[in-house]
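K.L.:
Below: one structure in structure tokens.
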Amino acid sequence: MVKFVEVRPYEGRRGHRFTFQAERDLFLRGDEGHLVFVPKGKRVEVSLIRLSPPLEGLEAAVIYNGTFIAIRRGLIMTAEKALSETLA
């Protein structure tokens, strides 16, 4: 469905931004249930950031075309898991 392209770190070791490329046409499901079409060959990014106290764990934002599609939070979160949870 998607293939990993690259990862870029954020300053201050707060997290990373992962880039994936769609290997076929796909839909992402946003936080409010809406569907976002991603054509084959387009890129989707996942921003994975460590939360500051008093919050714990990681926050992942799925981003397409410069727009936040979904936010995921969890103690054990990977970029791949965040993206797979938004695939429709």
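K.L.:
Residues that are aromatic (Phe, Trp, Tyr) and within 12 Å of the chain's Cα centre (by Cα): find the strands (runs of 3 or more DSSP E) completely inside the stretch 12-88 holding 1 or more of those.
P.N.:
15-22, 58-64, 67-74
K.L.:
Would you please list the contacts, defined by Cβ atoms under 7 Å and residues six or more apart or on different chains, that run from a residue in the stretch 1-13 that is in contact (Cβ under 8 Å) with a residue 40 or more places away in the chain to a residue that is in a helix (DSSP H, G or I)?
P.N.:
Cβ pairs passing all conditions: Val2/Leu83.
K.L.:
Of these, Arg50, Arg13, Arg73, which one is modelled with pLDDT under 90, open to solvent by 90 Å² or more (accessible area, probe 1.4 Å) and on the phi > 0 side of the Ramachandran plot?
P.N.:
Arg13
K.L.:
A follow-up question, please. Name every residue in the stretch 23-39 that is open to solvent by 50 Å² or more (accessible area, probe 1.4 Å), of a type outside the set (Lys, Arg) and modelled with pLDDT of 95 or more, in order of residue number.
P.N.:
Glu23, Asp25, Phe27, Leu35, Phe37 - these are the residues of the stretch 23-39 that are open to solvent by 50 Å² or more (accessible area, probe 1.4 Å), of a type outside the set (Lys, Arg) and modelled with pLDDT of 95 or more.
K.L.:
Moving on to the next point. Hey, can you tell me all the residues within the stretch 5-26 that are more than 14 Å from Thr78 (Cα to Cα) and charged (D, E, K, R)?
P.N.:
Glu6, Arg8, Glu11, Arg13, Arg14, Glu23, Arg24, Asp25 - these are the residues of the stretch 5-26 that are more than 14 Å from Thr78 (Cα to Cα) and charged (D, E, K, R).
K.L.:
Is it the case, given these coordinates, that Ser52 is farther than 21 Å from Glu6 by Cβ and of a type in the set (Ser, Thr, Tyr)?
P.N.:
So Ser52 passes the test.
K.L.:
Test Phe20 against the criterion of being open to solvent by less than 80 Å² (accessible area, probe 1.4 Å) and in contact with a strand residue (DSSP E or B) (Cβ under 9 Å, 6 or more places away or on another chain), and give yes or no.
P.N.:
Criteria met by Phe20.
The values are calculated or read from the model by the stated rules, or taken from the named source; none is laboratory data. Note that the coordinates shown come from a computational prediction; the quantities given were computed from them, not determined experimentally. A quick note on method: Cβ atoms are made from the backbone with ideal geometry, for glycine too, and the neighbour counts reach across all protein chains shown. All accessible areas refer to the heavy atoms of the entire protein, side chains included, with ligands and DNA or RNA removed. Shrake-Rupley method; radii C 1.70, N 1.55, O 1.52, S 1.80 Å.
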